[in-house]
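Asker: Supplied in structure tokens, the structure appears directly below.
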Amino acid sequence: MMRALLSRVPGGPDTLEIGELPDPVAGPGEVVVAVKACAINYPDVLVIEDRYQMRPPRPFAPGGEIAGVVAEVGEGVTRWQVGDRVMGNTMMGGLSERLRFVADSLHAVPLGRSFEEASALLLTYATTIHALVDRGAIAAGERLLVLGAAGGVGLAAVELGKAFGAYVVGAVSSEAKAVAVRAAGADEVLVYDRAPFDKEQSKALADRFKTAAAPNGFDLVYDPVGGDYAEPALRSLGWEGRYLVVGFPAGIPRLPLNLTLLKSCDVRGVFWGAFAARHPERNRAHIAHLFELWGEGRIAPRVTEVFPFERGGEAIARMAARESVGKLVVRVGA
Ligand SMILES: NC(=O)c1ccc[n+]([C@@H]2O[C@H](COP(=O)([O-])OP(=O)(O)OC[C@H]3O[C@@H](n4cnc5c(N)ncnc54)[C@H](OP(=O)(O)O)[C@@H]3O)[C@@H](O)[C@H]2O)c1
């Protein structure tokens, strides 16, 4: 048996408890990884409360991206050997001591990188490179507004925006978060208030975004926040701008469609998991690009806190409370 941080009933992070599950076994073409580190993402907040788009059968362990060591190799696997350092993403189960993967879905952890850092790369940066490139058609010299810019995908958007030659404006809810966004290379950072906003506050925020986007408006908005932040951001788009819908921790917004007519602009949905399933080759090419940028030091997951396995729920609680900066990681195995 192996240990896992389990959700047995729908609820917040305090409902998670360490329990036991049967050891996974590597089938043909699969490997079992001894998990060393698991990075936390907002979907972990949602899935344990039954608020995510998929509902795994209970008990399950949350956790969508890990790094660890190959512990068992299934029939026909030639690419990996027991002891190899690997990283991968998964729908679920990252907060378990052992996890089964399709062998070809894993990546080698580059020399000199820690398990903690490696666990925190794939989900946020792969989402964001897909968003900016495929959905956003980002071009050098464009102006990009990133909401929630100190979050996991937010910081990835700041770094990748800079790597693609954009002028990046980050927007966050506190000065401490602004510090992290400046350190990640944003050209400007704006600190916004906490929603909800009345009409006047919404207009005032739109005016601040427009000032940061002057004279022509933003070419791109990257929005992993939603709620009352969305409409002011949409109002700051320029002619033929693209608004990237990434997530909704602040709530699912409704947008007045007349705004899209006035700017001839687009609102574009981003769903990386579905993209990766439909276009595995394109996703692989993006990930190869991310490894290059990581190697060149142009992107780097910013792990700000590491939690012991037994306190993994606290990492999810910090994210749910809007207190996390960059990536939170749980150390699973010794
Ligand atoms: N579309 C896709 O394919 C895809 C893939 C991965 C993730 N996502 C989504 O992207 C979003 C961000 O994920 P993440 O892992 O980067 O999360 P995160 O690190 O927690 O970032 C989310 C940011 O949202 C802001 N926020 C505003 N209101 C909030 C609230 N009530 N509670 C918590 N945060 C709030 C916070 O920034 P401020 O305090 O600065 O406002 C926070 O930093 C999530 O909705 C996630 O599901 C989507």
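Asker: Which loop-located GluC sites (Glu not before Pro) does region 92-151 contain, where loop means any DSSP state but H, G, I, E or B and the Cβ has at most 14 other Cβ atoms within 10 Å?
Answerer: Those that pass, being in a loop and sparsely packed, number zero.
Asker: May I ask for the distance between the Cα centers of region 17-61 and region 298-334, given as a whole number of Å?
Answerer: So the separation of the two Cα centres works out to 16 Å.
Asker: Another question, then. I'd like the accessible area for residue 263, computed on protein heavy atoms only with a 1.4 Å probe and all protein chains in place. Round to 10 Å², please.
Answerer: The accessible area of residue 263 comes to roughly 50 Å².
Asker: Which ³J(HN,Hα) values, rounded to whole Hz and listed in residue order, are derived for region 318-323 from phi using the Karplus coefficients 6.51, -1.76 and 1.60 in 6.51 cos²θ - 1.76 cosθ + 1.60 with θ = phi - 60°, glycine and proline given as x?
Answerer: Values, residue by residue: 5, 5, 4, 7, 6, 9 Hz.
Asker: How large is ³J(HN,Hα), in whole Hz, for each residue of region 118-125 in order, when computed from phi with the Karplus curve 6.51 cos²θ - 1.76 cosθ + 1.60 and θ = phi - 60°, using x for Gly and Pro?
Answerer: For region 118-125, the Karplus-derived couplings read 4, 5, 9, 8, 5, 5, 5, 6 Hz, x marking Gly and Pro.
Asker: Rounded to whole Hz and in sequence order, give me ³J(HN,Hα) for region 221-233 from the Karplus expression 6.51 cos²θ - 1.76 cosθ + 1.60, θ = phi - 60°, writing x for Gly and Pro.
Answerer: Karplus values, whole Hz, x for Gly and Pro: 10, 10, 10, x, 10, x, x, 6, 7, 5, 5, x, 5.
Asker: In percent, what relative contact order does region 123-179 have, based on Cα pairs under 8 Å that are 6 or more apart in sequence?
Answerer: Contact order relative to length: 38 percent.
Asker: Can I ask one more? Within the chain, count lysine pairs with alpha carbon atoms under 26 angstrom apart where the residues are 8 or more positions apart or belong to different chains.
Answerer: The number of close lysine pairs in the chain is 13.
The values are calculated or read from the model by the stated rules, or taken from the named source; none is laboratory data. What you are looking at is a predicted structure, and each value in this text was computed from that prediction instead of being measured. Neighbour counts are summed over all protein chains in view; Cβ atoms, including those assigned to glycine, are modelled from backbone coordinates with ideal geometry. We work out accessible area using only protein heavy atoms, side chains counted, and drop any ligands, DNA or RNA first. Shrake-Rupley method; radii C 1.70, N 1.55, O 1.52, S 1.80 Å.
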